């Protein structure tokens, strides 16, 4: 069965790591919105040029354009047998847009994997990552603000997916392989 998954959770919880492992396990692409934007910008696609206009002005790319970029990516050949989407949707309007996209593509969502961890653990992880990767913009204040934005804007979306019966909640603290196995076991149980 084709897996079409969303992976959600606060920054620093390990979404990228788990998305890569799930992508390998299921033989489908892990797609992060950041990667999609970089691809379109680097290749000067029409959507990339439109996004660049906002970025050059220091503005956020509006939802409407983000939605078009995501829909374009989900329609590519390598995503026909499934995908894992990381970093989208982040708002209620993006959930509606994703629902419409999936209906247009005739590709229902399989599940939403929600990783979670205690805020102090996330702060420690992100501060450590900032030091390792030399991210000077990842100050404790910036990290705290990002976690607050997630808690207020994105976390409530989990309730929507919970009501639909497609939400899997997994503790993002522990051994990476163990977390991955838990996710796969829960996905298998959901579709059994």
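Relative contact order of segment 3-187: what whole-number percent is it, with Cα pairs under 8 angstrom and at least 6 residues apart?
So the answer I get is 33 percent.
Note on residue 184 and residue 142: with the Förster distance fixed at 35 Å, the Cβ-Cβ geometry gives a FRET efficiency of about 0.55. Comparing Cα centroids, segment 80-109 and segment 25-73 end up 15 angstrom apart. From its DSSP helices (H runs of at least four residues, each -39,500 (n - 2.57)), the chain gives a residue-normalised ellipticity at 222 nm of -17000 deg cm²/dmol. Defining a contact as two alpha carbons under 8 Å apart and six or more residues distant in sequence, what relative contact order in percent does segment 79-190 show? Dividing the mean separation by the residue count of segment 79-190 yields 34 percent.
In plain terms, the chain from residue 93 to residue 132 could stretch by 10.5 nm, reckoned as 0.36 nm per residue minus the Cα-Cα distance.
Each DSSP beta bridge with both residues in segment 3-187 is either parallel or antiparallel, and the antiparallel ones are about 0%. Classify segment 48-170 as rounded, prolate or oblate, taking a ≥ b ≥ c as the square roots of the eigenvalues of its Cα gyration tensor: rounded when a/c is under 1.5, otherwise prolate if a/b is larger than b/c and oblate if not. Cα axes put segment 48-170 in the oblate bin.
None of the figures in this text is laboratory data; all of them are computed from the coordinates on show. Quantities reported herein were computed from a predicted structural model and do not represent experimental measurements. Heads up, the Cβs are rebuilt from the backbone with ideal geometry, glycines too, and the neighbour counts pull from every protein chain shown.
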